[in-house]
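The values are calculated or read from the model by the stated rules, or taken from the named source; none is laboratory data. None of these values were measured; they are calculated from a predicted model. With ideal geometry, Cβ positions are generated from the backbone for all residues, glycine too; neighbour counts draw on all protein chains shown.
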């Protein structure tokens, strides 16, 4: 049987962690100096993080922190001008309003910004750079066309939330149990039940509103695809990638249309690193599904031994456990599999864990010493093989994939009980 294969490469040190690694060295275009500077109005923030717009915007993982002094900031860096970056105020992470990334496209020109507090972000200004102008115009046109259509429904949602008529009784009960539960293994079961509720997590009035919003969203996405077709720029390519990265979390994307646009726009930018990211994501959505095949890879363990996934699970039913030491739900899910592993490890079942870590394995060693996961544990350091991307889960802490002896995917993100039931059918 044939598997797609990922091979271990040399570590590339760059400001990236989780969603994906954009391999800048793969792009033949020269790096150029870019200076961004700005003025802050109406907020007392002392610093911002600066990350590739397709990376995980985590302040604890960010390499670049730009200080703000006397309400101004300035930063010079070497960057390919054809990629998007995010500026994020660090105090956004403790704000109830959440984070509000400011998207910029580096250019040879000096880029100047005027940035406001979270309640007035619509007044933000970006000066300099053709791509920045394109992005601002796109955003304004999209908002002016669809925000008025969505506003009355979103306002109604807010009213229902204030009246405690947003979540269904079943959803409220599960949320109550979740608040009262300390045991991580039990929480996994509750998370699963919440996921299974689907639309039934909401009251009937909310369902009706969502039906109207869904119709508007579909029209909105269709408008975007037409825009991408007619404006095949790096701005469009960035927006396409953002949508692909959010694909698993939305019901509105048209994967076929996105694929067609990617084929067209990638031909226009043949050496651009976005091409590989888009291809990997599209391949993942096509392959990583129940009935599809797992993607093979070779990674080291903590002793530096390179281990190939397909060889370690050959002839067995296997759970591929992608996780990270910072991901509490991932660790809880892994912990819940220990009894299942011990019960079936001598009957043709195995688990291979892959931890996605940054820079070093110090935290991984501590976590494994504490948790004592008894199976093979491998390392994806600095996301250098793009495994999370190739498995279609950028932005996620991790996910599990149960595969049969022939490499076919039996289940995605199964609970320990679901894995056990499948093993009883397949192995006993």
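If you go through segment 192-208 and pick out every residue that is in a helix (DSSP H, G or I) and in contact with a strand residue (DSSP E or B) (Cβ under 9 Å, 6 or more places away or on another chain), you end up with 2.
Inside segment 60-77, residues that are over 22 Å from residue 114 (Cα atoms) and surrounded by fewer than 16 Cβ atoms within 10 Å (Cβ to Cβ) make up a count of 2. No other residue among 351, 320 is outside any helix (DSSP H, G or I), in contact (Cβ under 8 Å) with a residue 60 or more places away in the chain and touching a strand residue (DSSP E or B) at 6+ places or on another chain (Cβ under 6 Å) apart from 320.
A single entry from 177, 220 fulfils the requirement of being surrounded by 15 or more Cβ atoms within 10 Å (Cβ to Cβ) and within 30 Å of residue 262 (Cβ to Cβ): 220.
Condition (residue is under 17 Å from residue 392 (Cα atoms) and in contact with a helix residue (DSSP H, G or I) (Cβ under 6 Å, 6 or more places away or on another chain)) applied to segment 268-276: is it met by at least one residue? Yes, some residue in segment 268-276 is under 17 Å from residue 392 (Cα atoms) and in contact with a helix residue (DSSP H, G or I) (Cβ under 6 Å, 6 or more places away or on another chain).
Could you tell me whether segment 379-390 includes any residue that is modelled with pLDDT of 90 or more, in a loop (DSSP other than H, G, I, E, B) and in the same structural domain as residue 309 (by TED's automatic domain parsing)? Checked segment 379-390: no residue is modelled with pLDDT of 90 or more, in a loop (DSSP other than H, G, I, E, B) and in the same structural domain as residue 309 (by TED's automatic domain parsing).
For (1) touching a helix residue (DSSP H, G or I) at 6+ places or on another chain (Cβ under 7 Å); (2) farther than 15 Å from residue 36 by Cα, each residue gets a yes or a no:
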position	(1), (2)
63	no, yes
70	no, yes
73	no, no
76	no, no
88	no, no
100	yes, yes
106	no, no
109	no, no
115	no, no
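Here 346, 360 are screened, and the one residue that is without any contact (Cβ under 8 Å) to a residue 24 or more places away in the chain, under 26 Å from residue 280 (Cα atoms) and part of a loop (DSSP other than H, G, I, E, B) is 360. Taken together, 373, 344 contain a single residue that is buried (at least 21 other Cβ atoms within 10 Å of the Cβ) and touching a helix residue (DSSP H, G or I) at 6+ places or on another chain (Cβ under 9 Å), which is 344.
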